[in-house]
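A short worksheet on the structure shown next.
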Amino acid sequence: MAIKSFEELDLESRRTFVRVDFNVPLAGGKIEDDTRIRAALPTIQRCIERGARVVLASHLGRPNGKPSPKESLEPVGLRLAELLDRDVLLPDDCVGDGAKKVVFDLRDGDVCLLENLRFHPGEEANDDAFARALAVHAEVYVNDAFGAAHRAHASVVGVPKLIKEKGAGLLMFKELEFLGKLQDAPEKPFVAIIGGAKVSDKIGVLEELLKRVDALLVGGAMANTFLHARGYALGTSRIEADRAPLARSLMAKAEEAGVDLLLPTDVVVARSLDAKSGEVVPVTAVPADEMVLDIGPATLNGFRDRLLRAKTIFWNGPMGVFENEAFAAGTLGLARAVAEVSALSVVGGGDSAAAVAKSGVAARISHVSTGGGASLEFMEGRTLPGVAALEE
Ligand code: ADP
Ligand code: MG
C-alpha cells in the first residue's frame, strides 16, 4: 500500500501531531549540534503555512521512563523558536491535562513541542493506554522521524494505529524514496562499500547486498575480519576472530553470485588508536605489535576505480578510525570519490554520515540518510514498524 505524503492530508485548523527526531547531543543543557532540528524545519514550516495546529513530539536521550530535567526538550524548544522565529509552546509533559490544555488552545499556525516522550515507560513499551493518551492530541498524524522508524514505540506505531489521517513528512518521504530506489531495480553497476567497526553488526546488510550488487568494497575494522579469515596476520588489529567462518561463507557467496569482493591490499598501521601518525604497509607486512587503522592509498585508488564505473552506490561504515586525523585519509578520500561519480549515491549509518559531513562533499552525494540503525534495517530488507504503521 502506498504511503501518503503529508501534503495530501487536510491539515488546516487541525491538530497535527508530528513525530520528529529531536534527539540532539546535549552537554550541560546546551545543544552541541542542531542538525536534527534544522532537518525537521521544512516539514514544520509547511505545516504552519497550511494552517495546521502543530503538535511536535520527540524523544531525547535515555531517561528510562522517568522525568529527568537533564533530558528535557526545553532547550530544543528554545532553539526551534529561534530558527522558526516564532513562539513554541512548551507544556511540561507530553500527556495529561496540562499538555491537553496547551494543545487544545492552539490556533491555526501555532506550534507546541511536547515534553520528552521517554519520560513515560509507555513510550518504549508501546503501551496502549499511553498511545491513547498521546493520540488525544492528534486529528492528523505525520511521521518525520525516519531515525526512529525501526522502533515499535508508542509514538511511532501506537498513535498512528489510532488515527485515520496519516502520512510521511518531507524528511521521511525523502528517506523512503532514496533507500527505496536501492531496493527496487537499482541501476547497474551497483557498488556497495561496507566498513565500520564490526562484521557482526552488519551480517544482515552484507547478506542482502550480496544478492543485488555487482561489487562489494570492504574496509574499516570489518575488513580485518575478512583478511584474518584469508590467513593474513594483522598484529594487534581489531578483529572478530569468532566471525572468521562467517566471513569465509560471505566470500564464498560473493564468488558464487559473481560479485567482486574487494579487500584492502595496503593499510595504515600504528601502535594505538590515538597515535599521532601511521605508516603505510602491504597487508602482508603488518608488524606484530601494530594495528590496522585505515586503508592505504593503493586500496583507495582501487576502490575509486571500481566506483567510477558505478551507476548506483551505497556506502555504510568508515574505512578507518576517521575520528583521528592521522587515520582519516581513507574515509575522507573515499567520500570525495563517491561525490565525484555521477551515480545515485546513498550513505547510511551514524558515523558514516558524520564522516561525510567532515569531508565537505556531502552536497554532492545524492542522499545522506539521517537514520543510522533505521537505514541499515531498511537495507536488510526488513519492514520498518514506523513505515508499516503509515500504510494501514
Ligand atoms: P556507522 O555508524 O556508519 O554504521 P560503525 O558504527 O559500524 O559505522 O563504525 C564506525 C566506527 O568504526 C568508528 O568509530 C571507527 O573509528 C571504527 N573503525 C573503523 N575502522 C577501524 C579500524 N581499522 N580499527 C578500529 N576501529 C575502526
Ligand atoms: Mg556507528
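Please treat every number below as a calculation from the coordinates, not as lab data. Just so it is clear, the model here is predicted, and its values are computed rather than measured. Glycine gets a Cβ as well: all are built from the backbone with ideal geometry, and neighbour counts include every protein chain shown.
Quick look at the numbers
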item: Nitroxide proxy distance, nm - points 7 Å out along Cα→Cβ at Arg364 and Arg271; result: 3.8
item: Exposure proxy order (Cβ contacts within 10 Å, fewest to most) of Cys112, Cys47; result: Cys112, Cys47
item: Pair Ala2, Leu83: separation of 7 Å Cα→Cβ label points (nm); result: 3.0
item: Nearest-ten-degree value, helix 329-340 long axis tilted from longest Cα axis of the chain; result: 70
item: Choice from Ser352, Ser272, Ser369 showing the highest fluctuation, given a GNM over the chain with Cα pairs closer than 10 Å; result: Ser272
item: Share, in percent, of DSSP beta bridges within region 109-265 that are antiparallel, nearest 5; result: 0
item: Dipole in debye (nearest 20) - the chain, about Cα centre, beta carbon charges: Lys, Arg +1; Asp, Glu -1; result: 400
item: Farthest toward positive dipole pole in region 254-339 [+1 Lys/Arg, -1 Asp/Glu at C-beta], among Gly302, Ala270, Pro287; result: Gly302
item: Alpha-carbon centroid distance for the pair region 193-246 / region 98-144, whole angstrom; result: 43
item: Ranking of Tyr232, Tyr141 by count of other Cβ atoms within 10 Å, fewest first; result: Tyr232, Tyr141
item: Antiparallel bridges, percent of DSSP beta bridges restricted to region 6-172 (to nearest 5); result: 10
item: Fluctuation leader among Arg19, Arg306, Arg86 - the chain, Gaussian network, Cα springs under 10 angstrom; result: Arg86
item: Dipole magnitude (debye, nearest 20) for region 185-379, charges at Cβ of Lys, Arg, Asp, Glu; result: 380
item: Reachable aspartates and glutamates, given that their alpha-carbon falls under 12 Å from the alpha-carbon of Lys188 and they are not under 8 places away in the same chain; result: Asp214
item: Ranked list, fewest to most other Cβ atoms within 10 Å of each Cβ, for Ser72, Ser5; result: Ser5, Ser72
item: Under 12 Å from the Asp260 label point (7 Å along Cα→beta-carbon), backbone N, region 286-316; result: 302-311
item: Region 6-172 - charge dipole about Cα centre, Lys and Arg +1 at Cβ, Asp and Glu -1, debye rounded to 20; result: 300
item: Relative contact order for the chain, counting Cα pairs under 8 Å that sit 6 or more residues apart, in percent; result: 16
item: Label-point separation, Ser200 to Glu32 (7 Å along Cα→Cβ), nm; result: 2.6
item: Region 6-172 - percent relative contact order, Cα under 8 Å, separation 6 or more; result: 30
item: Extension reserve of the Glu391-Ser68 stretch, reckoned as 0.36 nm per residue once the Cα distance is removed; result: 112.9 nm
item: The chain: angle of helix 35-49 to the longest principal axis, Cα-based, in degrees nearest 10; result: 40
item: Among beta bridges that DSSP assigns inside the chain, antiparallel share in %, nearest 5; result: 20
item: Zone residues, region 75-105, relative to Asp127, backbone N less than 14 Å from point 7 Å out along Cα-to-Cβ; result: 94-96
item: Descending semi-axes in whole angstrom, ellipsoid equivalent of the chain, from the Cα gyration tensor; result: 42, 22, 18
item: Listed residues Asn116, Asn126, Asn224, most fluctuating in the chain (Gaussian network, C-alpha, under 10 Å); result: Asn126
item: Theoretical FRET efficiency, 1/(1+(r/R0)^6), r = Cβ-Cβ of Lys188 and Asp97, R0 56 Å, to 0.05; result: 0.45
